[in-house]
Amino acid sequence: MPTTPTNARETAASRDTMTDLLGFFYPIHYRIGMELERRMCQGRLSRQQAAIIWLIESEVGPHGWIRRKLIEQTLSDWFETRNSHVSQLLHELSSPPLSLIEQKTNPESGREKVVALTEHGCRYFNTMIEAGLAYFSVLLPHLSEHELRAGIKFLGRAFGPPSLTSRDI
């Protein structure tokens, strides 16, 4: 008769299991993640610019505004970057020929800026999604819907729900 674990230590994964999981880091990050990122940038954006577009859309959705300070904090966590570099990236994203974002003074605080995608930025984000989906269709055709859903369930339990929901593009 199975017993119910009394504490987290009894349910913790073994060192061997965690080592197996760790063995996926470099293949996922460098072989898959970097290639996915390259394809989603589509030769038009830098990695940091694409991350800003993704952050805006995934945090607030279409036509939502995000605090510039959150963009600065998140990018400094993800990349070795300074606020002055983030300012340059935001300027490039808001200026022609890209014109993917707009910035304005936060109506709740005159000392703070907020950022949102333009209509063109929303359309570009959708092309990023399409490029990512196309890559996954080439990378993962050997996996069934059930296997992919099991992987999504695992990742959701480990890291929280996906930042994107099903969408019509």
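Here Gln88 clears all of (1) closer than 20 Å to Gln42 by Cβ; (2) open to solvent by 80 Å² or more (accessible area, probe 1.4 Å) except the condition numbered (1). Please determine, by comparing only the residues of region 18-73 that are surrounded by fewer than 17 Cβ atoms within 10 Å (Cβ to Cβ) and β-branched (Val, Ile, Thr), which one is farthest from the chain's Cα centre (by Cα). My answer is Thr19. If you filter region 151-163 down to residues that are hydrophobic (A, V, I, L, M, F, W, C) and surrounded by fewer than 11 Cβ atoms within 10 Å (Cβ to Cβ), you find that the one that is farthest from Ile56 (Cα to Cα) is Phe154.
Does Leu148 fit the bill of being touching a helix residue (DSSP H, G or I) at 6+ places or on another chain (Cβ under 7 Å), surrounded by 11 or more Cβ atoms within 10 Å (Cβ to Cβ), at pLDDT 95 or above and not in a loop (DSSP other than H, G, I, E, B)? No.
One residue stands out among those in region 110-124 that are open to solvent by 20 Å² or more (accessible area, probe 1.4 Å) and in contact with a strand residue (DSSP E or B) (Cβ under 6 Å, 6 or more places away or on another chain): the one that is farthest from Leu70 (Cα to Cα), which is Thr118. Suppose the filter is touching a residue at least 40 places away in the same chain (Cβ under 8 Å) and under 21 Å from Ala51 (Cβ atoms); does Gly160 pass it? Considered against the rule, which asks whether it is touching a residue at least 40 places away in the same chain (Cβ under 8 Å) and under 21 Å from Ala51 (Cβ atoms), Gly160 comes out as no. When residues of region 35-86 are filtered for being touching a strand residue (DSSP E or B) at 6+ places or on another chain (Cβ under 9 Å) and among the small types (Gly, Ala, Ser), how many remain? Here the count works out to 1.
Which of (1) in contact (Cβ under 8 Å) with a residue 12 or more places away in the chain; (2) over 19 Å from Gly64 (Cβ atoms); (3) not small (Gly, Ala, Ser) is the odd one out, the single condition Glu80 does not satisfy? For Glu80, the failing item is (1). Selection of region 95-105 for residues being in contact with a helix residue (DSSP H, G or I) (Cβ under 9 Å, 6 or more places away or on another chain) and closer than 14 Å to Ile66 by Cβ yields Leu100, Ile101, Glu102, Gln103.
The values are calculated or read from the model by the stated rules, or taken from the named source; none is laboratory data. Small disclaimer: the values here were computed from a predicted structure and weren't measured. Note: ideal-geometry Cβ built from the backbone for every residue, glycine included; neighbour counts use all protein chains shown. The protein model used for the area step is the full one, side chains on, heavy atoms only, and it has no ligands, DNA or RNA in it. Shrake-Rupley method; radii C 1.70, N 1.55, O 1.52, S 1.80 Å.
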